[in-house]
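Below is one structure, written out as structure tokens; the observations come after it.
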Amino acid sequence: ICVLKETNSRLFLPGLLIALAEGCLHTGAPARGKAALDEALDVIGTTGERWHEPWLYWVQGELCASMKGVTAPQAESSFRTCITLARAQGARWWELRGARSLFNALVEQGKDDEAREMLGPVCHWFTEGLDTEDLRRSTALLSSSP
């Protein structure tokens, strides 16, 4: 990231910043992760390099969900944006990840029916990769919810 910034290169910078933010999510540094996502959004706005956007909004939602004082609707909004962008791009894997995270957020709010109605069709779209961790975890959520 530093080398890209020093050379004023922006190519792939959003993806690297999102990866940094996801690392911050896993290491308990949500404020640093949020700053990296804000920077990634600025770069995306400048360069138009939008193919990482579903990932960005998924990480943003996960960061929101992990932070104290952040409301569930903030995380939910990020997950919904992730899903919308993923659908527009045909990025089914990110749509699945966003839908699974949104499922969890909705269940926490007592919206079990809405959660199942949203995640079910996404899971059923897949005809291959049925043994991947993301799809297994998503179908397990559907099976375990009342």
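Nearest 10 degrees is fine. How inclined is helix 30-47 to the longest principal axis of the chain, computing both from alpha carbons? That works out to roughly 70 degrees. Take the chain with all the other protein chains still there, run a 1.4 Å probe, and you get 54 Å² of accessible area per residue. Where only DSSP H runs of four or more residues are counted, the chain gives -24500 deg cm²/dmol as its mean residue ellipticity at 222 nm, each run worth -39500 (n - 2.57). Among the protein heavy atoms of the chain, carbon and sulfur supply 55% of the accessible surface, probe 1.4 Å, non-protein parts ignored. Over all projection directions, the Cα-based convex hull of the range 68-113 averages an area of 3.2 nm². Relative to the longest principal axis of the Cα atoms of the chain, the long axis of helix 133-144 makes an angle of roughly 40 degrees.
Our summary gives the chain a relative contact order of 15 percent, counting only alpha carbon pairs under 8 angstrom and 6 or more residues apart.
Among the trypsin sites (Lys or Arg not before Pro) in the range 66-140, those located in a DSSP loop and surrounded by at most 14 other Cβ atoms within 10 Å of their own Cβ are K68. In this simple spin-label approximation, Q74 and E133 carry label points 7 Å from Cα along the Cα→Cβ vector, and these lie 2.8 nm apart.
Axis of helix 92-108 versus longest Cα principal axis of the chain: the two differ by about 60°, to the nearest ten degrees. What you get for the chain, charging only the Cβ of Lys and Arg (+1) and of Asp and Glu (-1), is a dipole of about 140 debye around the Cα centre. The Cα trace of the chain gives Rg and Dmax of 15.9, 54 Å, the first to one decimal, the second as a whole number.
When the chain is treated as a GNM with alpha-carbon contacts under 10 Å, the residue of P73, P14, P54 showing the greatest mean-square fluctuation is P73.
The values are calculated or read from the model by the stated rules, or taken from the named source; none is laboratory data. All figures in this text were calculated on a predicted structure; none of them were measured in a lab. Heads up, the Cβs are rebuilt from the backbone with ideal geometry, glycines too, and the neighbour counts pull from every protein chain shown. Note: areas computed on protein heavy atoms with side chains; ligands, DNA, RNA excluded. Shrake-Rupley method; radii C 1.70, N 1.55, O 1.52, S 1.80 Å.
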